[in-house]
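Below is one structure, written out as structure tokens, with a few remarks after it.
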Amino acid sequence: AQSVSQHNHHVILSEAASLELGCNYSYGGTVNLFWYVQYPGQHLQLLLKYFSGDPLVKGIKGFEAEFIKSKFSFNLRKPSVQWSDTAEYFCAVTPNQAGTALIFGKGTTLSVSS
Amino acid sequence: ETGVTQSPTHLIKTRGQQVTLRCSSQSGHNTVSWYQQALGQGPQFIFQYYREEENGRGNFPPRFSGLQFPNYSSELNVNALELDDSALYLCASSPTGASYNEQFFGPGTRLTVL
């Protein structure tokens, strides 16, 4: 069965520190990859996605992610975090076929102190 | 552009009862997916509807059922509620059933089963 692993359950950083959140998936075929974010009291919203082309994807608010096919990974990065980045981050994958669902990891809670 | 809306916001039921949750998709979207998010977990796919037809189902028992209406709004019905059904239920809509589409999430319905 397809699955997504997020390595860090809770990450605590100071403002201006760099961020990298790990994500690995298990699926042998072509996939589409997503990072969603849930700010406190808000809906899940898309940070960025990859479905083809340049494996380095840039999203909103200065986030980026790199798809490394050989490692089945899609790690999220940000060079300098802000207090407003405090949120829960979810990695998700869909196999590249119609009618398939998002398979989510368990999420990583990021706490940024000012 | 109106986003995805869900009703009710919160619901308390007792074991064995039945519940109906509602979702209005974003304007122009013909695909709706439902997810269950237990505390501390990522969302888990329940099923997806595309143009009023079920278009994929996750590992949930038949007592979880759904409908999509001609205006693309949707219902999730759960019969014979169990304590483990307590969770946040998320609805997400997308423009088509294509797997690379972003899914737009609603705020969720918090269901508590006593």
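Where a number appears in this text, it was derived from the coordinates with a stated rule and is not lab data. None of these values were measured; they are calculated from a predicted model. Here the Cβ positions follow ideal geometry from the backbone for every residue, glycine too, while neighbour counts run over all protein chains shown.
Structure notes:
- Look at the stretch A:36-43: the mean tally of other chain Cβ atoms within 10 Å of its residues' Cβ atoms is 3.
- Using C-alpha pairs under 8 Å with a sequence gap of at least 6, the mean separation divided by the residue count of chain B gives a relative contact order of 37 percent.
- Cα centre as origin, Lys/Arg/Asp/Glu Cβ charges: chain A dipole, Debye: 200 debye
- Cα pair distances in the protein assembly as shown, grouped into 10 Å bins until the bin that holds the longest one, percent each: 8, 33, 35, 19, 4, 0
- Straight-distance candidates among the aspartates and glutamates for linking to A:Lys69, with alpha-carbon spacing under 19 Å and chain neighbours fewer than 8 residues away dropped: A:Glu20, A:Asp54.
- Equivalent ellipsoid semi-axes, chain A, via Cα gyration tensor eigenvalues times 5, rooted, Å: 24, 14, 12
- Relative to the compact-globule estimate of 2.2 N^0.38 Å, the Cα radius of gyration of segment B:1-88 comes out at 1.07.
- Cα gyration tensor category, rounded, prolate or oblate, for segment B:68-114 with a/c compared to 1.5: prolate
- Shielding by partners - mean other protein chain Cβ count within 10 Å, residues of A:100-109: 6
- GNM result for chain A, Cα springs below 10 Å: residue of A:Gly28, A:Gly62, A:Gly53 fluctuating most strongly: A:Gly53
- Local electrostatic count, B:Val32, Cβ distance below 15 Å [Lys/Arg +1, Asp/Glu -1]: -2
- Segment A:74-110 and segment B:78-104: distance between their alpha carbon centers, rounded to Å: 17 Å
- Nearby lysines by direct alpha-carbon distance to B:Lys13 (threshold 16 angstrom, same-chain neighbours under 8 apart not counted): none
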